[in-house]
1. Determine whether region 232-251 contains at least one residue that is in contact with an Asp or Glu (Cβ under 7 Å, 6 or more places away or on another chain) and open to solvent by 10 Å² or more (accessible area, probe 1.4 Å).
2. If T234 passes every condition in (1) over 21 Å from the mean Cα position of the chain (by Cα); (2) polar (S, T, N, Q); (3) modelled with pLDDT under 95 but one, which one does it miss?
3. Being assigned to a strand (DSSP E or B) and not hydroxyl-bearing (S, T, Y) is true for just one of V246, V239. Which residue is that?
4. Of all residues in region 98-133, which are within 13 Å of L344 (Cα to Cα) and within 16 Å of ligand 1 (Cβ to nearest atom)?
5. Return the pairs, sorted by first residue and then second, in which the second residue is within 6 Å of ligand 1 (Cβ to nearest atom) and in a loop (DSSP other than H, G, I, E, B), the first residue lies in region 122-136 and is in the same structural domain as N265 (by TED's automatic domain parsing) and among the hydroxyl-bearing types (S, T, Y), the beta carbons are less than 9 Å apart, and the residues are 6+ apart or on different chains.
6. Those residues that are farther than 28 Å from V332 by Cβ, open to solvent by 90 Å² or more (accessible area, probe 1.4 Å) and part of a helix (DSSP H, G or I), I need them from region 68-110; list them, please.
7. Identify, by number, the condition in (1) within 26 Å of F274 (Cβ to Cβ); (2) at pLDDT below 95 that F175 doesn't meet.
8. Looking only at region 165-183, which residues are near ligand 1 (Cβ under 10 Å from one of its atoms) and touching a Lys or Arg at 6+ places or on another chain (Cβ under 9 Å)?
Amino acid sequence: MGGDRSQLANKDDSSGSLFLCEASSGTVVRADCWKSVDTGMPESSVSQELTDKILAFESMEKEGLIERIQLQTKALQENSEQNLEDVREIIKGYRPGDGIRSVGGICRSGFAIPEATTLLVVGFAGAGKSCLINNMIRVVDNVTDGFDRAQTYVDMANGSLFLQEYFLSGSAQNFCVFDSRGFSTTNAFEDLDIIKKWISNGICHGEAVCRPSDTKTIREALEGRGRQGHSDCTVRRVVDFVIFVVDAFTVHRMRESHDVAALGNLAMLYKSPFLSFKDDVPVVVMTHGDKLAPQDRVLTRIFIGELLGVSPIDHIFDISCFTERSMHPGDVDTYNDLVLVNMLKFSLERADKNLPYKARAALLPSKICGAMGESWNKLGSQRLLMIVMLLWLVYAIFIMVVYDWKSNGGFRSLGDKIFQKMQKKLRHAHRHQYRL
Ligand SMILES: Nc1nc2c(ncn2[C@@H]2O[C@H](COP(=O)(O)OP(=O)(O)OP(=O)(O)O)[C@@H](O)[C@H]2O)c(=O)[nH]1
Ligand SMILES: [Mg+2]
């Protein structure tokens, strides 16, 4: 089903930069709109703005935020084991569309609910996307080995080159996560084009992700590694929500060295309108935090929030990924795993919130049901009680009438009466004829 959801746009985007497409949220979006958002300004003023942002961050009052992050951490650490179990159960029992609320006069049946909710994991090369997916499998399936299904790379020059779909077996086939090729730190425009294609056309397992600037070695790797299967036989899925992975250690270094070009690319990619669903921007997962001193880790989280324009407390999930193939009891960090499942729960809720509506014609039954639901809600409890009592009264009268009628012979006696009347009329007519 995922493949035929109506909002998948026409694959042909060769008409140039200005085209219209229906994003997964069902909204028509101009493909060139990020240009006015992020690159409308000359490059030098963008760099200046980022330098100013870094300087402003250095002198910014951060104590309040640091304290709130520490409080949040402390609250999550308390009873983390039980909470982890509870959220894990919620995720395992998740069904697509669970988070739908009736809005705009449309109830649940008016939404195009997918067979499986699709979460796309994106981020720079080496940020830890594949590793995060392995950790999702580990935590949701509650296993200590056999979770390293996505290939991770130590060497950033290598890396994932294909879109790969993963179902977390604990969640049956109700939602899947897609691993993707990492963004390049040098050519964000190519990545913006790739994002546009993923969101407009949908994504499918095994699809190669090529860039025009790919070197001969990478082209050969794409060809060689992709030899076994063709992505055109796999289901094309609409992206329902995006998880944006950011390497805290690299961002910390970029900030310290005032690497405005790389930071600018990061912000530009994050702010691509194609990654957002109406007003919901991608959830941010901050990885590699374990490589930083605790103070730097919190500061980097706040800085990423400033750079991307999101709350470091509610919108950035600080998850350090477990990087080995199997886990020993001493390695378990329930707090970290709780943050991970909370992030998944948040993503699934946002995905459901932004599910597109069905086509206009299919909406009528849902509108009727929505209107009925609304008028039902409008009725006060007293009025409702009166209606119920009235209905009972009507029902009681009906039963009494039927009982009375039945005890007088019901249909049979009525038939007899009609028959007798007809006989009488016939006899009368007969007599009248003879008299004449
Ligand atoms: N210390 C630490 N290492 C991590 C973390 N997350 C990932 N890594 C390591 O970082 C390296 C890159 O991780 P990957 O998951 O392959 O990164 P990726 O984003 O999938 O990279 P591409 O496939 O190239 O786009 C691997 O060696 C991981 O083990 C983390 O939170 N902490
Ligand atoms: Mg990868």
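1. Checked region 232-251: no residue is in contact with an Asp or Glu (Cβ under 7 Å, 6 or more places away or on another chain) and open to solvent by 10 Å² or more (accessible area, probe 1.4 Å).
2. Status for T234: all satisfied but (1).
3. V246
4. Selection gives L119, L120, V121, L132, I133.
5. Here the result reads S130/T152; S130/Y153; S130/G159; S130/S160, each pair linking region 122-136 to a residue that is within 6 Å of ligand 1 (Cβ to nearest atom) and in a loop (DSSP other than H, G, I, E, B).
6. R108
7. (2)
8. If the condition is that a residue be near ligand 1 (Cβ under 10 Å from one of its atoms) and touching a Lys or Arg at 6+ places or on another chain (Cβ under 9 Å), then D179, S180, R181, G182 are the ones that fit.
The values are calculated or read from the model by the stated rules, or taken from the named source; none is laboratory data. Keep in mind that what you see is a predicted model, and the values were worked out from it rather than measured. Neighbour counts are summed over all protein chains in view; Cβ atoms, including those assigned to glycine, are modelled from backbone coordinates with ideal geometry. The accessibility values were calculated without ligands, DNA or RNA, using every heavy atom of the protein model including side chains. Shrake-Rupley method; radii C 1.70, N 1.55, O 1.52, S 1.80 Å.
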